[in-house]
Amino acid sequence: MTDNATAVNETPAGLTLEEKASLTSGADFWTTKAIERAGVPSIMMTDGPHGLRKQRGGNDHLGIADSVPATCFPPAAGLGSSFDPELARRVGEALGVESAIGDVAVLLGPGVNIKRSPLCGRNFEYFSEDPIVSGVMGAALVRGIQSTGAGASLKHFAANNQETDRMRVSSDVDPRPLREIYLRGFQRVVEDARPWTVMCAYNRINGVYASENPWLLTRVLREEWGFTGLVVSDWGAVADRVASLKAGLDLEMPSSGGRTDAQVVAAVRDGSLDEDTLDTAVARVLDLVRKAQARPAVAGPLDVEAHHALAREAAGRSIVLLKNDGVLPLARDTRVAVIGAFAARPRYQGAGSSLINPTRLDTAIDEIRALSAGEVTYTAGFTLDGTGDAAALRDEAVAAASSAEVAVVFLGLPAAEESEGYDRDHIDLPAAQLRLLDAVVAANPRTVVVLSNGGVVALPFRDRVPAIVEGWLLGQAGGGATADVLFGVVNPSGKLTETIPLRLADTPSYGNFPGESGHVRYGEGLLVGYRWYDARSIEVAYPFGHGLSYTTFRYGDASVSVRAGGDVAVTVPVTNTGQVTGREVVQVYTSLPGSAVQRAPRELKAFASVALEPGETAVAELVVRRADLAYWDVSADRWVVEGGEYVVEVAASSRDVRSAVTVAVTGDDVRLPLTMDSSIGELLAHPVAGPIVRQAMSGMADDMMGGTDAAGASMMAHDEGLRRMLDSFPIGRLTAFPGVPVSREQIEGLIAMANAQG
Ligand code: BGC
């Protein structure tokens, strides 16, 4: 396998039971224990995911204490919008370098949980409502981090899609959505990028804590996906340390002060915990320590300028231009009224454990002034904490807007509205901001809205303003990146990784979020994000995958071919038909009309970010992995690719399909053994049993035709309704009916023969 596999099975010889137990929990908040006698050093892990939060003073895991300055890159809500794994890899590499300089062995990220509801307080830390986007971007970040010799920690495993009651709630999810939506991104990162560690989530899954879940931590993660690294708990996620060890959790964080180590020692002594189980966890801890020690030394100091420049580039690529009636980009000499407190005091990251102490902080107003050759005014328009004289602030902004050519209004969610640890209960912008916008638009219709928000917000004004720039949370260089986009220094190319709904009540989990009495029911099943809106034909404000550019792109006809191994290669020529250089995120969706199982109308399977000069054409090549066509077959308890004519759509967004082709895909040969509980339809579909049953049925019909009950016989032979009714009839129960000329023994014989031959 890979380097992850080394030494995992080595016996931690020479360590006492107490030493072994102690190695599987933290020394303090951020480090593992050293055992000097045995030459085992301590290593450090810190947050993550979009910057390094190495604390200097007090220890906490919610970003309250001060940390060493580090580059704050755009959080995943922003970076994901680039749909560009190469960019994510470069950001990961920079994070790895900062980890090395800070002597941090493992960076706690990325987070690839699905954005199930826009209300989740931590959506800013996650990439998407789609598992392929989450998995591809997460894998790229891990590759970048680990290319420097630092480790990543893939989190929060799994089904941690809300903050409400996060340390206890049970996410009650059916097997298909669990596999196809909530685990798929994790699987991709584990299989493609082999993170050193996986962090188990706080919550329960179908009643069992992730930290005590052998199905999750051992069967799925290790046995199915081949993970050979270390499983660390989320900070404080361990409720029962011995149960966790048995389930496959190797390292409890942070320190329990020795309390749970003693429980482990006692359990080994009284025989309730197998010492081999402990040894396996210890071996994984030692393996991690060895990998950390093997990292090449990276000399500081940090190249603050270079990383800030990368943060600005990444932020520019994260911005999504939602709407533009032509007011953007601004000419450099435009007289601009910049309005809104966020322009001077940016909201650039979310609260909680990912809170970075940035090396620098750009503000949009300074950066706009730096790029502008015209008059730029600034008025706050509102205060971030809602204090002050709202009317006076508004009047001042309106006056500025009236005497400018263009007003650029910075709106957003106040920091306190979204954070790790709690969820929102609405998706609205503060009323004072909306009132301000109305007044500004009335004074100057040439008004551009720039948004700062980690989770989506409703945009009731979208028909009344000519341009909307979705800035998400853009990290420390977001101010500069916003100015770049406003003036066209950067041509926006981000696309939505999350649908922007019209109303909260339209969202898939509405009514099932955040649950109650310790349970949250994932009642929308597979229909998460755009899958839901498309299946129900619900109008949205802006669809998944949407994002505009200052240029235009023409798509040619797509073509598809099936490669050896079964992957589907899709090619499509894309031409930049406008006047400026740009990037287009080409998306490939598939569907299978007439599928035997429930499917969304379209599912994203591949994407590519293509850079094009004006007039240039490039052929985008995208690969749909055969594995990504599979659904989780609940009866077979495995992934199955259903055979058939798949529709492959090449699209500029989930609701802007430019070209569609079909491709024949051979299905997996999955045959479940027949039992007395199998239905007649299942027997009929069986290659061995089917012909025999068919023959027997027609014989029965003929007999009945020649008999007295001619009406019944013709029904048996010809009535489509009866045939369909019999389809789901369990064969074993047929013999209970009087007059059925087949014995139980005959059916058992047929089944045994069919199973043996089929
Ligand atoms: C968060 C993790 C974080 C850990 C350490 C937890 O509260 O859920 O994402 O890595 O704290 O700060």
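The values are calculated or read from the model by the stated rules, or taken from the named source; none is laboratory data. Keep in mind it's a predicted model, so treat the numbers as computed, not measured. Glycine also receives a Cβ, built like all others from the backbone with ideal geometry; neighbour counts cover every protein chain displayed. Protein only, heavy atoms only, side chains kept; ligands, DNA and RNA dropped before computing areas. Shrake-Rupley method; radii C 1.70, N 1.55, O 1.52, S 1.80 Å.
Show the residue pairs meeting these rules: Cβ distance below 8 Å; 6+ apart or different chains; first residue within segment 194-208 and open to solvent by 10 Å² or more (accessible area, probe 1.4 Å); second residue within 11 Å of the ligand (Cβ to nearest atom) and in a strand (DSSP E or B).
Pairs found: 196/106; 196/153.
Pull out all pairs, ordered by first then second residue, where Cβ-Cβ is under 6 Å, the residues are six or more apart or on different chains, the first lies in segment 484-495 and is among the small types (Gly, Ala, Ser), and the second is open to solvent by less than 20 Å² (accessible area, probe 1.4 Å).
494/81; 494/82; 494/318; 494/319; 494/320; 494/547
Which of the residues spanning segment 449-477 are of a type in the set (A, V, I, L, M), more than 19 Å from residue 432 (Cα to Cα), outside any strand (DSSP E or B) and more than 22 Å from the chain's Cα centre (by Cα)?
The one that is of a type in the set (A, V, I, L, M), more than 19 Å from residue 432 (Cα to Cα), outside any strand (DSSP E or B) and more than 22 Å from the chain's Cα centre (by Cα): 477.
Give all pairs with beta carbons closer than 6 Å in which a residue from segment 512-534 that is in a loop (DSSP other than H, G, I, E, B) meets a residue that is open to solvent by 20 Å² or more (accessible area, probe 1.4 Å) and polar (S, T, N, Q); count only pairs at least 6 apart in sequence or on separate chains.
514/164; 523/512
Of everything in segment 18-42, what is within 16 Å of the ligand (Cβ to nearest atom), of a type outside the set (Phe, Trp, Tyr) and open to solvent by 10 Å² or more (accessible area, probe 1.4 Å)? Give them in sequence order.
27, 28, 31, listed by residue number.
Give me a count of the residues in segment 51-84 that are more than 13 Å from the ligand (Cβ to nearest atom), assigned to a loop (DSSP other than H, G, I, E, B) and open to solvent by less than 10 Å² (accessible area, probe 1.4 Å).
5
Among (1) farther than 25 Å from residue 497 by Cα; (2) in contact (Cβ under 8 Å) with a residue 40 or more places away in the chain; (3) in a helix (DSSP H, G or I); (4) not hydrophobic (A, V, I, L, M, F, W, C), where does residue 305 come up short?
Answer for residue 305: the failing condition is (2).
One residue is enough: does segment 114-126 have a residue meeting the conditions more than 13 Å from the ligand (Cβ to nearest atom), in contact with a Pro (Cβ under 9 Å, 6 or more places away or on another chain) and under 21 Å from residue 47 (Cβ atoms)?
Yes, the conditions are met somewhere in segment 114-126.
So that you can scan it fast, the table gives a plain yes or no per residue for (1) of a type in the set (A, V, I, L, M); (2) without any contact (Cβ under 8 Å) to a residue 12 or more places away in the chain; (3) within 25 Å of residue 472 (Cα to Cα):
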{"residue": "376", "(1), (2), (3)": "yes, no, yes"}
{"residue": "382", "(1), (2), (3)": "no, no, yes"}
{"residue": "386", "(1), (2), (3)": "no, no, yes"}
{"residue": "391", "(1), (2), (3)": "yes, yes, no"}
{"residue": "394", "(1), (2), (3)": "no, no, yes"}
{"residue": "403", "(1), (2), (3)": "no, no, no"}
{"residue": "414", "(1), (2), (3)": "no, no, yes"}
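Please work out which residue is nearest to the chain's Cα centre (by Cα), limiting yourself to segment 296-330 and to residues that are among the basic types (Lys, Arg) and under 20 Å from residue 579 (Cα atoms).
317
Does segment 333-355 include one or more residues that are part of a loop (DSSP other than H, G, I, E, B), within 27 Å of residue 98 (Cβ to Cβ) and open to solvent by 40 Å² or more (accessible area, probe 1.4 Å)?
Taking every residue of segment 333-355 in turn, at least one turns out to be part of a loop (DSSP other than H, G, I, E, B), within 27 Å of residue 98 (Cβ to Cβ) and open to solvent by 40 Å² or more (accessible area, probe 1.4 Å).
Got a number for residues in segment 99-113 being within 16 Å of the ligand (Cβ to nearest atom) and either part of a helix (DSSP H, G or I) or touching a helix residue (DSSP H, G or I) at 6+ places or on another chain (Cβ under 6 Å) (or both)?
6
Out of the residues in segment 356-382 that are among the small types (Gly, Ala, Ser) and not in a loop (DSSP other than H, G, I, E, B), state the one that is surrounded by the fewest Cβ atoms within 10 Å (Cβ to Cβ).
The residue in question is 370.
Given the options 287, 261, name the one that is among the acidic types (Asp, Glu), in contact with a Gly (Cβ under 9 Å, 6 or more places away or on another chain) and part of a helix (DSSP H, G or I).
Checking each option against the conditions leaves just 287.
Given the criterion surrounded by 24 or more Cβ atoms within 10 Å (Cβ to Cβ), within 16 Å of the ligand (Cβ to nearest atom), at pLDDT 95 or above and in a helix (DSSP H, G or I), identify the matching residue among 96, 92, 138.
Residue meeting the stated conditions: 138.
Does segment 244-259 include one or more residues that are more than 34 Å from the chain's Cα centre (by Cα), open to solvent by less than 40 Å² (accessible area, probe 1.4 Å) and away from the ligand (no atom under 16 Å from the Cβ)?
yes
Among all residue pairs at least 6 apart or on different chains, which show Cβ distances below 6 Å where the first residue, located in segment 94-111, is over 15 Å from residue 71 (Cα atoms) and the second is within 14 Å of the ligand (Cβ to nearest atom) and of a type in the set (Phe, Trp, Tyr)?
Sorted first by the residue in segment 94-111, then by its partner, the pairs are 111/126.
Do you know which of the residues in segment 354-367 that are out of contact with any strand residue (DSSP E or B) (no Cβ under 6 Å at 6 or more places or on another chain) and of a type outside the set (D, E, K, R) is nearest to the ligand (Cβ to nearest atom)?
355
Within segment 323-353, how many residues turn out to be within 16 Å of the ligand (Cβ to nearest atom) and either under 19 Å from residue 372 (Cα atoms) or not assigned by TED's automatic domain parsing to the domain that holds residue 488 (or both)?
0
Would segment 198-208 turn up any residue that is over 13 Å from residue 23 (Cβ atoms), within 16 Å of the ligand (Cβ to nearest atom) and of a type in the set (D, E, K, R)?
Yes.
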